[in-house]
Amino acid sequence: MKSKSILAGWLVDGSGEPARKNVLLTINSGVITHIENALPEKIHQPDLTDFSHCSLLPGLIDAHIHLFMSGTEDMDTRTRQLTLRFEDTLDGMEERLDDLVSCGVVGCRDGGDRHAYTMQYKRDHLDQNVFPLQLKVAGAAWHQHGRYGKMIGKSPGTSEKLSQSICRQTRGIDHIKIVNSGLNSLVRFGKETPPQFDVLELREAVTVGMRFGCKTMVHANGKKPVEIALKAGCHSIEHGFFMGEENLKRMADKQIFWVPTAVTMKAYRDAFELRIKNLRSQGHSEDPSMLRMHEMVQGASRNLEHQLEQIYRAKDLGVPIALGTDAGSIGVHHGRSLKEEIRLFITAGFSVPGAIQCATLNNARLLNLDGYGVIAEGAPATFIAVTGAPQDLPENLGSLTSLYIKGKEFHKNK
């Protein structure tokens, strides 16, 4: 196969190292064989693909989504989405996959839905020629009976251990999702809910997962729920709001990934601010519900600020951080919310290349996506070209010029 050359104005390779300017990539059989400075005598080849006005980045990865649910703020629509038959979810899931690919996402990890519709979609309907991304699925998440998690999963069978229920339902899944706390409060700052499972229950579940080659992701907020998940040997903490310094140190010591999903709180804040604005425009400035909404705005803002402080501290401690959005939550839209989360990481102290590393190489390692997440010699040529220089990121992630999958430029085939 004939080799091809690509000229990049800037290269952000996913390693976290500073961007390189004016770089020439040579690709043979879908693999990057050379990366070198673009000397004048080498950039006048007749078959050169010119991205000199662009930054090249590895294809992006979202480490936490819910494909079955849209990010709509309309509560009636959200309620209806929970009761749809599988056949009625297909168009919505494909719209969200299209949104992901359009934003340069080449891999994502689903956090579960109660009917395992996403797993069924992957098995029976996902067409890689239309949506060239690696979709990792959990099926249904697991939660304790009577506790938070019904929307995205189910509880163990009657008189059955968590590990026993998981053992019976590993077919078709790529990882295990367990819920070990409740949601964050928007009115009581730092409120911690009790753990849903103890260390022994979680450890047995993690062990079962490893027996089937599955990592375990654990939804956990608050000190105790996170501590239990870490002691049980989980592979990633999802959300981790208010988990505290000691848990961050444990994660650094054990090199356990953290997926902060800070954008969820920004989305809550923005959604309530918009509702307040709309009520005022309709002349409802004295509406009693507005006081409650103001409390929600303040609560979401405080939660977001605290989470950014934890991200800053985690970075200093050496916690491996993976970038996930919880897309499908209120106001968290598939694809474009990744840009918002990257921006929040930068606000929390990451450089642009460092934040991109969290959304590429770190995520590829967490999801076991070999060959993804980095632009390097010997790696598959899977990357995106984004208009502008690295300093224009993440804003310019909406200006996707091209997507390459293993050396071939992707053109939607549908």
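The values are calculated or read from the model by the stated rules, or taken from the named source; none is laboratory data. Quick caveat, the model's predicted, so the values are computed rather than measured. Positions of Cβ are backbone-derived with ideal geometry, glycine not excepted, and every protein chain shown enters the neighbour counts.
Summary table
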{"quantity": "Selection count, the range 76-90, where residues are in contact (Cβ under 8 Å) with a residue 24 or more places away in the chain and either in contact with a Ser or Thr (Cβ under 7 Å, 6 or more places away or on another chain) or not β-branched (Val, Ile, Thr) (or both)", "calculated": "4"}
{"quantity": "Residue selected from the range 293-306 under the condition in contact (Cβ under 8 Å) with a residue 60 or more places away in the chain and not aliphatic (A, V, I, L, M), by the criterion nearest to Met243 (Cα to Cα)", "calculated": "His306"}
{"quantity": "Qualifying residue in the range 8-16 (condition: touching a residue at least 60 places away in the same chain (Cβ under 8 Å), of a type outside the set (Asp, Glu) and out of contact with any strand residue (DSSP E or B) (no Cβ under 7 Å at 6 or more places or on another chain))", "calculated": "yes"}
{"quantity": "Leading residue by the ranking (surrounded by the fewest Cβ atoms within 10 Å (Cβ to Cβ)) among those in the range 114-165 that are among the hydroxyl-bearing types (Ser, Thr, Tyr) and within 18 Å of Ser70 (Cα to Cα)", "calculated": "Tyr121"}
{"quantity": "Lone unmet requirement of (1) more than 11 Å from the chain's Cα centre (by Cα); (2) farther than 20 Å from Ile237 by Cα; (3) touching a residue at least 12 places away in the same chain (Cβ under 8 Å) for Asn368", "calculated": "(2)"}
{"quantity": "Candidates Gly349, Gly373, Gly354, Gly378, filtered to the one that is in a loop (DSSP other than H, G, I, E, B), touching a residue at least 40 places away in the same chain (Cβ under 8 Å) and surrounded by 16 or more Cβ atoms within 10 Å (Cβ to Cβ)", "calculated": "Gly373"}
{"quantity": "Answer residue from the range 381-414, given it is exposed (fewer than 14 other Cβ atoms within 10 Å of the Cβ) and touching a residue at least 40 places away in the same chain (Cβ under 8 Å) and is farthest from Ser351 (Cα to Cα) among those", "calculated": "Lys414"}
{"quantity": "Residue list for the range 1-23, restricted to those being closer than 11 Å to Leu56 by Cβ and in a strand (DSSP E or B)", "calculated": "Ile6, Leu7, Ala8, Gly9, Trp10, Leu11, Arg20, Val23"}
{"quantity": "Test: residue in the range 215-223 that is more than 22 Å from the chain's Cα centre (by Cα) and touching a residue at least 24 places away in the same chain (Cβ under 8 Å)", "calculated": "yes"}
{"quantity": "Matching option when the condition is of a type in the set (Asp, Glu) and either within 20 Å of Thr325 (Cβ to Cβ) or modelled with pLDDT under 95 (or both), among Glu94, Glu87", "calculated": "Glu94"}
{"quantity": "Residue, nearest to Arg365 (Cα to Cα), within the range 154-198, restricted to residues that are acidic (Asp, Glu) and in contact (Cβ under 8 Å) with a residue 24 or more places away in the chain", "calculated": "Asp174"}
{"quantity": "Residues of the range 357-370 satisfying the condition of being touching a strand residue (DSSP E or B) at 6+ places or on another chain (Cβ under 6 Å) and part of a loop (DSSP other than H, G, I, E, B)", "calculated": "Thr360, Leu369"}
{"quantity": "Candidates Phe212, Phe131, filtered to the one that is in the same structural domain as Ala300 (by TED's automatic domain parsing), within 21 Å of Ile256 (Cα to Cα) and without any contact (Cβ under 8 Å) to a residue 60 or more places away in the chain", "calculated": "Phe212"}
{"quantity": "Any hit, the range 178-195, residues being surrounded by fewer than 21 Cβ atoms within 10 Å (Cβ to Cβ) and not in a loop (DSSP other than H, G, I, E, B)", "calculated": "no"}
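Residues are listed down the side, and each one gets a yes or a no for (1) under 24 Å from the mean Cα position of the chain (by Cα); (2) assigned by TED's automatic domain parsing to the domain that holds Asp326; (3) aliphatic (A, V, I, L, M):
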position: Leu135; (1), (2), (3): yes, yes, yes
position: Glu160; (1), (2), (3): no, yes, no
position: Leu186; (1), (2), (3): yes, yes, yes
position: Gly190; (1), (2), (3): yes, yes, no
position: Phe197; (1), (2), (3): no, yes, no
